[in-house]
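Quick notes on the structure that follows.
The values are calculated or read from the model by the stated rules, or taken from the named source; none is laboratory data. Values in this document were obtained by computation on a predicted structure and should not be read as measured data. Counting neighbours? That spans all protein chains shown, and the Cβs are built from the backbone with ideal geometry, glycine included. Surface areas here come from the heavy atoms of the whole protein model, side chains and all, with no ligands, DNA or RNA. Shrake-Rupley method; radii C 1.70, N 1.55, O 1.52, S 1.80 Å.
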Amino acid sequence: MKMTSRHQHGFAAIAAIFLVVILAALGGFMVTFSNAQQLTSAQDLQGSRAYWAARAGLGWGVAQVTASPANCPTGAPASMEGFVLTVTCSRSTYVDGVDTIVVYRFESKASAGSAGSGTYVERSVSAAVEM
């Protein structure tokens, strides 16, 4: 007759439960890491889109001054592709010998989302045009 020890029964079940818990924790970590990576990639793309929207606003301002150089342009496009676009212009003059030089300074800002949220993005570009 063979005797078995009572305290060795169930050890395989404990090891299996431990292994399942470790694998579940590892899976949860991988899902969290994947979500963070996807969010970072989406924010990077949105930042690039905001930059190009701001550049388009800057181009609009320079085109307006080139077409009619008397004053700074007004009435900038309010939105572009989901971005709120703000174009500001300041005009200054100086005399260089007998010539009067006019300098236009532009700042174009594109933003989307609400400030303080995880989806907020804003980009700003500026330029000066001398005529």
Rounded to the nearest Å, the spacing of the alpha-carbon centers of the range 8-66 and the range 79-106 is 40
Measure of exposure for Thr40: accessible area at 1.4 Å probe, Å² rounded to 10, is 80
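So what is the calculated 222 nm ellipticity per residue for the chain, using -39500 (n - 2.57) for each DSSP H run with n of 4 or more, over all residues, to the nearest 500 deg cm²/dmol?
Values: 1 runs with 57 residues, N = 131.
Result for the chain: -16500 deg cm²/dmol, rounded to the nearest 500.
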Both in Å, the radius of gyration and Dmax of the C-alpha trace of the range 89-128 are 17.0, 54
Cβ-Cβ cut-off under 10 Å around Tyr104, Lys and Arg +1, Asp and Glu -1: the net charge is +1
So, with points 7 Å from each Cα along the Cβ direction, the Glu130-Thr66 label distance in nm works out to 1.8
Over the range 15-66, the quotient of the Cα radius of gyration and 2.2 N^0.38 Å is 2.30
So for R0 = 30 Å, FRET eff. of Tyr94-Arg55 from the Cβ-Cβ r, to 0.05, ends up at 0.65
Taking Cα atoms, the helix 11-67 axis meets the longest principal axis of the chain at an angle in degrees (rounded to 10) of 10
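Just order 103-113, 11-21 by mean Cβ neighbour count inside 10 Å, highest at the front, would you?
Order by mean packing, descending: 103-113, 11-21.
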Rg (one decimal) and Dmax (whole number) from the Cα set of the chain, in Å, equal 30.8, 120
Carbon plus sulfur, as percent of the 1.4 Å-probe accessible area of the range 62-131, comes to 50
Per residue, accessible area of the chain with a 1.4 Å probe, heavy atoms of protein chains only, in Å², comes to 73
Descending packing, highest mean Cβ count within 10 Å first, for 54-62, 93-101 is 54-62, 93-101
